[in-house]
1. Pick from 160, 74, 107 the residue whose mean-square fluctuation is largest in a GNM of the chain, springs joining Cα atoms under 10 Å.
2. Students often get this wrong, so try it: which of (i) 1.02; (ii) 1.08; (iii) 1.16 is Cα Rg over 2.2 N^0.38 Å as calculated from the structure shown?
3. Lysine pairs in the chain with Cα distance under 24 Å, only those 8 or more apart or on different chains: how many are there?
4. Quick one: net charge around residue 55, please, counting Lys, Arg +1 and Asp, Glu -1 for every other residue with C-beta under 13 Å from its C-beta.
5. Choose one answer from 23, 161, 92: the residue with the largest mean-square fluctuation in a GNM of the chain with alpha-carbon springs under 10 Å.
6. What is the order of 142, 169, 120, fewest Cβ neighbours within 10 Å to most?
7. Stretched out fully, how many nm does the piece from residue 172 to residue 138 gain, at 0.36 nm a residue minus the Cα gap?
8. Based only on other Cβ atoms within 10 Å, what is the fewest-to-most ordering of 144, 60, 158?
Amino acid sequence: MNMYVGCDLGGTNIKVGVVDVETGRIVEVQSAPTLAREGHDAVMARMADLIDKVIADSGIPKAEIEGVGIGAPGVLDLDKGLVLFLPNLPGTWPNVPLVDTIAGRVGLPVYILNDVRAITFGEWKFGAGRGVDTMACFAIGTGIGGGLVINGKLHLGINGTAGELGHQTINFNGPKCGCGNYGCVVAYASGPAIAAAAA
């Protein structure tokens, strides 16, 4: 079997699913509020609990789950399994050992990737980008992320940051972004920015 757990750490919600990675079939999916203001330890505990619950509710024995893939919205150290900077979550999670923490709690191998690079790969393999060699993906939510597939391969670039399309500066005198820069696309076009502009 090719069963894995996918976990999306969002600024608003944590979403977890058991997925057959060969066919893209989703066996079970659930979500819970992130409640990021409680801090990274509480959020990681909530993630681990939801992962265990989704596996149990899926009916797939845990021994048949090959691993857990986590998409996180920020800058990651893919080799060390660390979160370096999450601009849209309180506390920004500097040097948080996400992989080791979740692996220790759920007892499965854990891998991390920027959330929108993961979305990009999923859309290329199973969704709107299926059958193309090169594509760009934007995801708009609490923040704005991006990803690139070039010549049939997910392009990660240096430290997995290639395709971070939401943090392009479009106005040097614009509003401050969660990343610390001014005038990023995120500061104008993310969900919260659109809601604030309409208020």
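1. Looking only at 160, 74, 107, the largest GNM fluctuation is found for 107.
2. (i)
3. On the way: 15/53; 15/62; 15/80; 15/125; 53/62; 80/153; 125/153.
Lysine pairs satisfying the spacing and distance rule in the chain number 7.
4. On the way: positive: 53, 62, 105; negative: 28, 49, 52, 57, 64, 66.
Computed value for this residue: -3.
5. In this elastic network of the chain, the residue with the biggest mean-square fluctuation among 23, 161, 92 is 23.
6. Values: 142 20, 169 13, 120 27.
Fewest to most other Cβ atoms nearby, the residues stand as 169, 142, 120.
7. Details: separation 34, 0.36 × 34 = 12.24 nm, distance 2.17 nm.
So the extension gain works out to 10.1 nm.
8. Working: 144 26, 60 18, 158 6.
With the sparsest Cβ surroundings first, the list reads 158, 60, 144.
Read-outs throughout are calculated quantities, based only on the coordinates presented, and are distinct from any laboratory measurement. Just so we're clear, the structure is a prediction, and the values are computed from it rather than from any experiment. Note: ideal-geometry Cβ built from the backbone for every residue, glycine included; neighbour counts use all protein chains shown.
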